[in-house]
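Here is the structure we will look at, set down as structure tokens.
Just so it is clear, none of the values below were taken in a lab; they were calculated from the coordinates. Bear in mind that the values here come from a model prediction, so they are computed numbers and not experimental data. So basically every Cβ, Gly included, is an ideal-geometry build from the backbone, and we count neighbours across all protein chains shown.
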Amino acid sequence: MHCVGQGPSAELILESNQTQPSGMSYRDATIFGLVEGITEFLPISSTGHLILVSEFLSEKPKTKEHGVAINAYLIVIQAGAILAVALLYRKEIWSIGLGILGLDPRGRRLGMNLFWAFLPAAMIGPFLDDIIESALFGLLPIAIALLAGGLLMLWAEVRKKRQSTELSSSDEKTLDDLTSLNSIFIGLMQCVAMWPGTSRSMMTIVGGYLVGLERAKAAEFSFLLGLITLTAAAAYKGLTKWEVMRDNLELGPVFWGCLVAGMSAGLSVYWLVGYLTRRGLGLFVWYRIILSFIIFYFYFS
């Protein structure tokens, strides 16, 4: 027997369930934190990997607002990785601080070069943020970026090895040799990494290669530039999306994910510098190419 009030009652229950915060579990936060920390400073794209994890492993967003909150959190979680690198490179940061006060000429020069490298992203990023999130946060754009970036790294690594055989190690640039134009070029390369799957670390390390930096110094400049760029990106996303994250995500898992990201990022950075010095980018080239073909397979099948 049909009851007259049954339909409206069911609709009210459904509407009530949809307005409750969707949340994020500690399991998901731990996975996001590990993926962010391990991949942020490796040349394989942390944002691309986080989107893949949210697509394949995490629970699907329950509402549109929940999806927006998760996408925003995938940027904000970088705060943990930022803190890890700040602790590892505290001497350089202290030197830059003294340079700003006029007490350390080398620190001042490094700080100015980091400023010039950051400037292109600061000028372009805010205007492209919504476009990038709506058009490029998906499997196909990530797969294309992974493949294209892998091929670019392969070319850059072959070029670097050829130069290394022709030049002595003393001919390669250190951070003291960087010019403002070199830094702006690396900054323009970083802008390309706004496309998820490209990798900010990859583009800035390759940019360092192209201006003549030795491998370890290219990685170091990439890490230091990342401190500024990721801080700005995380702060911008946190300020503009705070309300939707507050309403859809619980604070406990949010902070736990950042903590896990910080611990795993510290280990990742420590390992990467030594590995690049000995082996170069070859491992990451093939990882990116293989992963891109796997994503293409899932996407088209």
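Observations on the structure shown:
- Under-24-angstrom lysine pairs by C-alpha in the stretch 24-300, whenever the two are 8 or more apart or on separate chains: 13
- Amide proton proximity set for LEU213, modelled H, under 5 Å, gap of 5+: LYS173
- Per residue, the Cα convex hull of the chain amounts to 141 Å³.
- The listed peptides 192-200, 133-141, 157-165, 116-124, ordered by packing as a protection proxy, come out as 192-200, 116-124, 133-141, 157-165 (highest mean of other Cβ atoms within 10 Å first).
- Calculated [θ] (222 nm, deg cm²/dmol) that DSSP helices of n ≥ 4 give over the chain, each run adding -39,500 (n - 2.57): -27000 deg cm²/dmol
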